[in-house]
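Laboratory data are not the source of any read-out in this text; all were calculated from the coordinates shown. All values derive from a computational prediction rather than experimental measurement. Note: ideal-geometry Cβ built from the backbone for every residue, glycine included; neighbour counts use all protein chains shown.
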Amino acid sequence: RDDLVTGVQTCALPILIAALAVLAVAAALVVALVLLLPARHDPYTRSSLSLVGDADRGGRLFLINCAGCHGIAGQGLVGPRLQGVEQRRSDAWLIGQVTSGRTPPMPRFQPDPQAMADLLAHLHTLH
């Protein structure tokens, strides 16, 4: 009888793991839709993304507003490492993070759209 119970549990485990994996993927898709789609339709985000940023001006903004937590080279200090961030996060996501300050101790920061485009251009240079 113990073999029968163990056999049932062993067969059910892969099904449970597969079901949990499907739920995790579905949850990730919902989070992506909730966080990314509204940002792309936000007038501020659209405006910032439509502009060509100047990395030098963005670098000056970064030094004044961001380097204290993220490091002068974006290597991360109190805040996370930003080197290569354009490969991990979309520009729309970055704008949302900067303007919302959704992960304390990150402050809210909403520069004009050109300054945000400049900041994004600078972030793209951090490697």
Q) Spin-label point model (7 Å from Cα, Cβ direction): what's the L77 to I17 distance in nm? A) 4.4 nm
(Q) Please give me the summed charge of the neighbours of L120: other residues whose Cβ is under 9 Å from its Cβ, Lys and Arg +1, Asp and Glu -1. (A) -3
Q) Label D56 and R102 with points 7 Å out from Cα along Cα→Cβ: what is the distance between them in nm? A) 3.5 nm
(Q) If you filter region 37-99 for trypsin sites (Lys or Arg not before Pro), then keep DSSP loop positions with at most 16 other Cβ within 10 Å, what is left? (A) R81, R89
